[in-house]
Amino acid sequence: MLPLSLQLQATAKAVAFVISGRSLNDVLADGSVVKPDLRSGVQALSFAVLRHLGMARALRQLLAAREPMPPVDALLCTALALLVCEANSGATYTDFTLVNQTVEAAKAHSKTRSSASFINATLRRFLRERDSLMMQASKSEEALYNHPQWWINQLRLEQPDRWEMILAANQIKPALSLRVNLAKTTMTVFTQLLAAQGVVCAEADTACGLVLQDAPAVQSLPHYADGWFSVQDLAAQGAARQLLSEDFLTRLIAGAQRGEKIRVLDACAAPGGKTTHLIELLIEALSRAGLWSGDASDWGKYFEVVALELDAKRAKRMHENLSRLKQRATVKIADAAKLESWWDGAPFDAVLLDAPCTASGIVRRHPDVRWLRRESDVAALSQMQFTLLQTLWPVVKPNGRLLYATCSIFSAEGNGVISRFIQTERQANKLDSHGLWLPTMSSLLHDGFYDALFEKRIEPV
């Protein structure tokens, strides 16, 4: 086992990068920052630190008269955050071991070596005065709730009865959610395979969703390489089914039987979870109609799914997911807002716009998001979302549908965008949809999510 001091040193470095504005995913993927053999441990520690960074910062301010140099500050806050985690987030080390290993991490790095004694004294003082120091720190809402103050204020304004519940839910490590590929297996068969492997799961209300507790590595689950399932949050699983609902699929399949190819667009697609779900739903429907045999000749005959992604690296991940699931889609590296760069002029029956957003609904899974976002991002992203929605509306066929979705719980990115859109597009008929999903404290937690479904009227009202 690698020494804890090495993991703490790398975790502090990762946290420092996040504080400077770099996403944790990017940092963990950068071998010059986190070595591959440290990645798993550093990810777990970083998640714990970022979930308690507000309290750690407040404690550091109480413990140190002057703000230390950034590398020292990052290491100190890393240790403090881990010390205030409940039972050290399940860690096997004691508080004193953590302090000792933090000091060793400081000694081993040129930028923190001279501060090793200061770090040691500061952390030991915290252990002696823990209760009184935490009580003082908790006077700050940012420390108490471990979210930026502007974020807390915004939630309190928009969700006056539920803001504290949402903030508390964001602190809970999420369970693993799977989307079972019903084009390849059934829920009964797959859950039996999981049970045989000793994996405990619960079925969700998404028709194809499972929630696993204490799951092993995803790659070790049954038929991973055969594409029998995908990792996807329960709320996100609802998007494809909202767009390709049973009544709409019936209409599309009737057209396919007359020789009309179904065209579906996933406008901001990476990493491809919703793209692959759309394909699965189409194959299920075609199979029920007796049109899908599974032969290679079926691909491209009845439908085409076009997936857009601006980032080439993220598009590569899409190709990997499609390959594992043995699916085909037309993946284009393009900006959805620039129609001339990717659209051939042929309209789409269905468009999914999972727009770039603050990601305020997925901070349980990505605790760095709360510290990366700025208050000004909400308005800027809201304008971008509205522009994308307006730009993509013309590619929808008459009587076709568009689903707008974000993994945000801020109203400016949900109802705010939709209200503007309805006022400007008279052909946009808003259908029943989920609206806003909020994180809950129930046993089957899901991410925060927003969606709105539209059908294009043939004639405006």
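Figures for the structure shown
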| item | result |
| --- | --- |
| Computed FRET value (nearest 0.05) for Ala379 with Arg251, which takes r as the C-beta separation and R₀ as 30 Å | 0.20 |
| Charged-residue dipole, Cβ positions (Lys, Arg, Asp, Glu), the chain about Cα centre, Debye nearest 20 | 960 |
| The chain: antiparallel DSSP beta bridges as a percent of all, rounded to 5 | 55 |
| Listed residue pairs exceeding 20 Å between alpha carbons, taken from Lys397/Lys430; Lys301/Lys326; Lys173/Lys326 | Lys173/Lys326 |
| Residue order, fewest to most surrounding Cβ atoms within 10 angstrom, among Ser46, Ser220 | Ser220, Ser46 |
| Largest-first principal axis extents, alpha carbons of the chain, Å | 78, 51, 39 |
| Amide H within-cut-off set for Phe229, under 5 Å, with H built and near neighbours excluded | Asn181 |
| Dipole magnitude of segment 4-146 about its Cα centre (Cβ charges: Lys, Arg +1; Asp, Glu -1), debye to nearest 20 | 340 |
| FRET efficiency, His223 to Ala108 (Cβ-Cβ, R0 56 Å, nearest 0.05) | 0.80 |
| Rg/Rg_globular for segment 337-461, with Rg_globular taken as 2.2 N^0.38 Å and Rg from C-alpha atoms | 1.12 |
| Amide H contacts under 5 Å for Val396, placed H, 5+ residues apart | Phe348 |
| Cα centroid separation, segment 306-325 to segment 211-263 (Å) | 16 |
| Neighbour-count ranking [beta-carbon atoms within 10 angstrom, fewest first] of Leu38, Leu50 | Leu38, Leu50 |
| Packing-based exposure ordering (other Cβ within 10 Å, fewest first) of His52, His434 | His434, His52 |
| Between helix 246-257 and the chain: long-axis angle, C-alpha atoms, 0 to 90°, nearest 10 | 50 |
| Pairwise centroid distance, computed over Cα atoms, of segment 332-391 with segment 172-201, Å | 30 |
| Stokes-Einstein diffusion coefficient of segment 238-456, Kirkwood radius over Cα pairs, 37 °C, 0.692 mPa s, in µm²/s | 183 |
| Whole-Hz ³J(HN,Hα) from phi, Karplus 6.51 cos²θ - 1.76 cosθ + 1.60, for segment 370-385, glycine and proline x | 4, 8, 7, 6, 10, 4, 5, 5, 4, 5, 5, 6, 4, 5, 4, 5 |
| Virtual paramagnetic centre 7 Å along Cα→Cβ of Ala289, amide N under 18 Å, in segment 231-247 | 241-247 |
| Over the chain: helical MRE at 222 nm, DSSP H runs n ≥ 4 each giving -39500 (n - 2.57), nearest 500 | -14000 deg cm²/dmol |
| Glu67 paired with Glu141, simple spin-label distance in nm, labels 7 Å along Cα-to-beta-carbon | 2.2 |
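None of the figures in this text is laboratory data; all of them are computed from the coordinates on show. Because the structure is a prediction, the values reported are computed rather than measured. Methodologically, a virtual Cβ is constructed for each residue, glycine included, from the backbone with ideal geometry; neighbour enumeration extends over all protein chains shown.
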